[in-house]
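Presented below is the structure to which this report refers.
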Amino acid sequence: MCSSRLRALAFSGLVGLFASAAGRAEVTGIGPSGFSLKIETSVGNTPEEVFKRFVQIARWWDPGHTYSGDAANLALTAKPGGCFCETLPGGGFVEHMNVVYAAPGKAIRMTGGLGPLQAMGATGALTFEFKPDGANTRLVVTYNVTGFASGQGFAKVAPAVDSVLAAQVARLTHFAETGKPITETGTPPP
C-alpha cells in the first residue's frame, strides 16, 4: 500500500476518533444551496473558563487545518470588528471568519467560510454556545452554510466539514479541561 494511502487511512481514523470524542456530531440538513451541522459535547470546566480557552485558538486548533501549517499564526479577537485570522509568511494573511457576536462565557458567533468553503464563495454562521451543566459546560456548535457547490453539491462537502469541526471541538475540549496546549497535528496528549 502506498504511503499516501496509508496517511489517508490514518487521517480518517483520527477524524473518527476525534468525532466520537466530541460527543454527538451530525449534519442536520443538506440542500442544493447549503447545509447545517450541529455538534454537542460536555466539557469538564465552567462556561467562563471554556470561553476563555476557546479564544486562545492558537493553543488548540489543529495546525493541519491552517494555511501556514502553524497554529501559532492564528488569532481570534472577540470584540466588535474581531477576526479569526491567520498570518502567512511574507506578510500575507487569511481572514477565516469575522466575529459578529461575543458574550463571554455564553456564546460566540462568527461568519465566513472555513477552508475550501471560502474558495467556493460559500459562507455561513458558526456559533459556539457555552451552557452551564452542573460543574461542566454543555458546548453546542452549529454551522449553517449557504452558497453554491458544483458537481454533487454539498453532499460530499457537509460530512467533511462536520468531521473536521468535530475534531476541532475534541481538541478544544481537551485544552479546556486540561489547560495543556495542543500544537501538533493528531490526537491530543493524554
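Mind ranking 79-89, 136-146, 119-129 by how tightly packed they are, going by the mean number of other C-beta atoms within 10 angstrom, highest first?
136-146, 119-129, 79-89
Grab the beta carbon distance between residue 118 and residue 26, set R0 = 30 Å, and tell me the FRET efficiency rounded to 0.05.
0.80
Students often check this: by mean Cβ neighbours within 10 Å, which of 91-104, 34-47 ranks highest, and how do the rest follow?
34-47, 91-104
If you take the charge dipole of the range 66-173 about its Cα centre, with +1 on Lys and Arg Cβ and -1 on Asp and Glu Cβ, which of 157, 78, 67 is farthest toward its positive end?
The residue sitting most towards the positive pole is 78.
Among the helices of the chain (complete DSSP H runs), which have Cα atoms covering no less than 30 Å along the helix axis and a Kyte-Doolittle mean of at least 0.5?
154-178
Within the range 16-174, how many Lys pairs that are eight or more residues apart, or on different chains, come under 16 Å at the alpha-carbon?
6
I'd like the accessible area for residue 108: 1.4 Å probe, protein heavy atoms, all chains in place, Å² to the nearest 10.
For residue 108, the solvent-accessible surface is approximately 0 Å².
So, with +1 on the Cβ of K and R and -1 on the Cβ of D and E, and no other charges, what is the size of the charge dipole of the range 116-190 about its Cα centre, to the nearest 20 debye?
40
Expected output is a single nm value to one decimal: the length gained when fully extending between residue 88 and residue 72, i.e. 0.36 nm times separation in residues minus the C-alpha distance. What is it?
Gain in length upon complete extension: 4.7 nm.
Evaluate the relative contact order of the chain (contact order divided by residue number), counting alpha-carbon pairs under 8 angstrom at least 6 apart; express in whole percent.
Dividing the mean separation by the residue count of the chain yields 29 percent.
The values are calculated or read from the model by the stated rules, or taken from the named source; none is laboratory data. Not measured: the values here are computed from a predicted model. As a convention, Cβ positions derive from the backbone with ideal geometry for all residues, glycine included, and neighbour counts pool all protein chains shown. What goes into the accessible areas is simple: the full protein's heavy atoms, side chains included, and nothing from ligands, DNA or RNA. Shrake-Rupley method; radii C 1.70, N 1.55, O 1.52, S 1.80 Å.
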